[in-house]
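Enquirer: Sharing a structure here in structure tokens format.
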Amino acid sequence: MLNRFYSEVPFLRLLLPFSLGILLGFATQLERNFLIVVFIFLLIVIGADLILKVSSKFSHEWIYGILLQLILFVSGLLVVELKRSAPDYRDYLNGENLIIADLVEFPEEKPNTYKAIARVRAVKDQGSWKQTRGRCLIYFRKDDNSAKLIPGNRVIFIASFSEIPFNGNPYEFNYKKYMHRHSVYKQIFLETGSWKKTGENKGSPLLLVGVKMQNHLFLKYREYGLKGDVLEVAGALTLGLREKLGDEIKQSYRVSGVVHILAISGLHIGILYIVLFYSLSFLKRRRWGKIILVLVIMAALWFFALLTGLSPSVLRASTMFSFVLIGQSLSRYSSVYNSLAISAFILLFINPTLIFNVGFQLSYCAVLGIVILQPRLHNLMRSRLWLVDKISGLVAVSIAAQLATFPLSLYYFHQFPVYFWLTNIIVIPLATLILYFGFLFFIFSFQPIIAGFIGKAQALLISGMNVSVETIREFPLSIIDGINISEAESLTLYCIVIFTSLFLIRKKGAFFLPVLGSVLLLLSINLYQLYGMLSQKSVVLYNIKGVTAINFINGRTSYMVHDAGEKNMENQLNYYTENHMIASGIKKAVMFSLASVSKGRTIFCNNSLFLNKGFVSYHNLRFFIYSDSLQNVFNDSKKVNVDYLIYSNPDGINISNIKKGIAFNKVIISSVIPEWKSRLLQEECDRNNFSCYRIRDDGPCIFSYNKQNSF
């Protein structure tokens, strides 16, 4: 069965070695010239094989297959290395360069700025302009000029780039690495008056048309009475304007398991494709009908992509379904798999970093799950009643997509929406109607009476969808948070899903043993990780700008000392520490105020941890947290010995004065200390022969008792 499927999907045989080459290419760094030589050598060998016809004999066919697989594997390595070594604007920066850049997306509104990605077109170096490539992240000070920026606008400014930050905290999302994979290498903050728009738009003419249509429709929505959450959802669902969504509505859709509805992606293109394909299937019976069918659906797909701003996710989905459309028009059962493999191969060849893109992974998994599992699941739930049968079909779609994506969702998002099946029964039909009403609204937007009627109908549908999502959000246990699984567990879950599906579909006992083996493997991994969590002992001083946070972890209990008193600081603390707490399996978190600990208002003592007046004893390590002027401690005639001084007072005294009352040889400078003072303290430590660790520069300070880490 597997061999037959593999032979019917030839592009899968090309995609697998090519993808493995891409993965290895990112994991290692091989010499480009070496890869080129190997690639040319393999081409010569396979050319010689074709001329000499060595592999034409049946017994030697495997030779040609191995050579082809090797060429594709090396091609994956080479594509990655060529992308990595391509020259960009960083090669010309010397601090005073003039930069010309084109915006490639709508600026995202922040509290005080507009954030946008721009493609660097030219750098002025030593009096001459150098044409270049690469992208940068620009933060424009919020003003009247920056509020009017759109994709394609060309701006000029003087380079004062900085690195995209990555604090390095345990399990923190590596935003810098993520942006580098998307060719975004630097960031810059531009004050009002420090940049200038050239007055010409260098964006794609098609993209500009799409932007104008987006703005036109959004203003028309507002003109015909859509407002509040209804307007925000209409803009996100039909126009791709997700940046206009409020936090509360996004949270409701997230908890209900349908946040993907609000981001134009494969689901929306898939809805559009499926409805059009089956609505126009009568054309197949006519002469030239298949060609007309393909052209009409292709035009609709790409028009929708244009209408929603040609975002990367929409372009990927449109490309994927375009190949699926061509494959299905050939009336071959397995062509949908081949079409998916072709589209994935082309997309990865153009941009190999997509292999790490969460949206790319989820889109292909969801489509494969629907294609493979939905018909089988629907057959199990068939009903003679038309309405019940349609509802069971939607349930089958929802379950199939969720089964195919939930291991990845657990791995990336650490949560599972319990009532996803119920929400999707309501939301998918409504979203389908809203999408098509959006098309009608665009067509009749110049006819006030018809557009007003469509707008009211759309508002009613969106209101109903919002109320449904809000209601399901309030259900008990609507979402399970704090789930942490490793890559190995995610792969094992996929093995369980695949072998269980084969067992149920084929009804062969041979598939039961792999299911049992996968379950036992998953349990073994969980037990091993649980043992590690129960025995873990560590101290972590996080690298969080403006916050001092020290975490003492003992088994599955965390004792956090921090000074995040304000709400925005607390949010920042949670942002940088939440993933670490989830990954560590923390079940009990105890929080202490740094001020109360330092001034002696908090005294805490158990078998492993002691806190009082800034002094901390944790297992065999002793710390003193200097967060304010504790002169009575420094002037004591008898010194107190500690292993580490944690300097956490921006207005504090010199380290030598602290030495009067506390004996230490190692200093940790908290990330709350400004950069200029951190450098001065470093110089003072060097003069006094103290070991110094600056969290801002050196990253989080971690003491693992299992590994005995220190500095």
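We did not get these values from a lab; they are worked out from the coordinates using the rules stated. Note that this is a predicted model, so its numbers are computed, not measured. Reconstructed Cβ throughout: ideal geometry from the backbone, glycine too, with neighbour counts over all protein chains shown.
Enquirer: Could you list the residues of the range 124-163 with an amide nitrogen less than 16 Å from a label point located 7 Å from the Cα of Lys110 in the Cα-to-C-beta direction?
Expert: 136-143, 146-147, 160-163, by backbone N distance to the label point.
Enquirer: Quick one: 3J(HN,Hα) in Hz for the range 545-562, Karplus 6.51/-1.76/1.60 with θ = phi - 60°, rounded, Gly and Pro as x.
Expert: Those phi angles translate into 4, x, 9, 9, 9, 10, 10, 9, 9, 10, x, 9, 10, 10, 10, 9, 9, 8 Hz.
Enquirer: Moving on to the next point. Once you wrap a convex hull around the alpha carbon atoms of the chain, what is its projected area averaged over all directions, in nm²?
Expert: On the way: hull surface 161.2 nm².
Projected area, direction-averaged: 40.3 nm².
Enquirer: Calculate I(q)/I(0) for the range 454-596 by the Debye formula, one identical point scatterer on each C-alpha and no solvent, and give its log10 at q = 0.10, 0.13 Å⁻¹ to two decimals.
Expert: For the range 454-596 at q = 0.10, 0.13 Å⁻¹, log10 I(q)/I(0) is -0.63, -0.85.
Enquirer: I'd like the isolated cysteines in the chain, meaning no second cysteine's beta-carbon lies under 4.7 angstrom from theirs.
Expert: Taking the Cβ cut-off of 4.7 Å, the unpaired cysteines of the chain are Cys136, Cys365, Cys495, Cys605, Cys701.
Enquirer: So how much slack lies between Ile346 and Trp386, counting 0.36 nm per residue of separation and subtracting their Cα-Cα distance, in nm? Working shown, then result.
Expert: Numbers: separation 40, 0.36 × 40 = 14.40 nm, distance 4.06 nm.
Gain on stretching Ile346 to Trp386: 10.3 nm.
Enquirer: On to the next question. Please work out the FRET efficiency for the pair Leu24 and Asp698, using the Cβ-Cβ distance as r and a Förster radius of 30 Å; give the result to the nearest 0.05. All intermediate terms of the calculation are to be shown ahead of the outcome.
Expert: Numbers: r = 31 Å, r/R0 = 1.03.
The value I calculate is 0.45.
Enquirer: With charges only on Cβ, +1 for K and R and -1 for D and E, what is the dipole size of the chain about its Cα centre, in debye, rounded to 20? All intermediate terms of the calculation are to be shown ahead of the outcome.
Expert: Working: 72 positive and 45 negative charges, 280 e Å.
The dipole of the chain has a size of about 1340 debye.
Enquirer: Could you check the simple spin-label distance between Asn641 and Tyr436, using points 7 Å along Cα→Cβ, in nm with one decimal?
Expert: Distance between the two pseudo-spin positions: 8.1 nm.
Enquirer: With axes computed from alpha carbons, what is the tilt in degrees of helix 312-329 against the longest principal axis of the chain, rounded to the nearest 10 within 0 to 90?
Expert: Helix 312-329 and the main axis of the chain meet at about 30 degrees.
Enquirer: Obtain the nm distance between the two label points defined at Val590 and Val37 by a simple spin-label model: each point lies 7 Å from its Cα along the Cα-to-C-beta direction.
Expert: 6.3 nm
Enquirer: When the gyration tensor of the range 89-203 is built from Cα positions, what are the square roots of 5 times its three eigenvalues, in whole Å, from largest to smallest?
Expert: Details: eigenvalues 96, 70, 32 Å².
Taking √(5λ) for each Cα gyration eigenvalue gives 22, 19, 13 Å.
Enquirer: Quick one: grab Rg to one decimal and Dmax as a whole number for the range 547-617, Cα atoms only, in Å.
Expert: 12.2, 34
Enquirer: Taking every DSSP beta bridge that has both residues in the chain, what percent is antiparallel when rounded to the nearest 5? Don't skip to the end; give the middle numbers.
Expert: Details: 59 of 85 bridges.
Taking every DSSP beta bridge with both residues in the chain, the antiparallel ones total about 70 percent.
Enquirer: Modelling each spin label as a point 7 Å along the Cα-to-Cβ direction, I'd like the Arg141/Glu578 distance in nm, to one decimal.
Expert: Modelled inter-label distance: 3.2 nm.
Enquirer: Counting Lys and Arg as +1 and Asp and Glu as -1, each charge on the Cβ, what is the dipole of the range 89-203 about the Cα centre in debye, to the nearest 20?
Expert: Values: 20 positive and 13 negative charges, 62 e Å.
It works out to roughly 300 debye.
Enquirer: Pairing the Cα long axis of helix 205-223 with the longest principal axis of the chain, what angle in degrees results, from 0 to 90 and rounded to the nearest 10?
Expert: Helix 205-223 sits at roughly 80 degrees to that axis.
Enquirer: Which of Ile342, Ile454, Leu207 sits closest to the plus end of the dipole of the chain, meaning its Cα is farthest towards the positive end, when Lys and Arg get +1 and Asp and Glu get -1 on the C-beta?
Expert: Final value for the positive-end residue is Ile342.
Enquirer: Which ordering of Trp129, Trp302, Trp676 is given by a fewest-first count of other beta-carbon atoms within 10 Å?
Expert: On the way: Trp129 13, Trp302 18, Trp676 8.
Exposure proxy ranking, most exposed first: Trp676, Trp129, Trp302.
Enquirer: Could you list His562, His268, His216, His414 in order of exposure, starting from the residue whose Cβ has the fewest other Cβ atoms within 10 Å?
Expert: His216, His414, His562, His268
Enquirer: Right, next: Which whole-percent values make up P(r) of the range 147-248 when all C-alpha to C-alpha distances are grouped in 10 Å steps starting at zero?
Expert: 12, 26, 33, 25, 4
Enquirer: Taking the Cβ-Cβ separation of Ser463 and Asn215 as r and a Förster radius of 22 Å, what is the calculated FRET efficiency to the nearest 0.05?
Expert: After rounding to 0.05, the efficiency reads 0.40.
Enquirer: So, one more: Leaving out same-chain residues fewer than 8 places away, which aspartates and glutamates sit with a Cα under 12 Å from that of Lys130?
Expert: The qualifying aspartates and glutamates are Asp88, Asp91.
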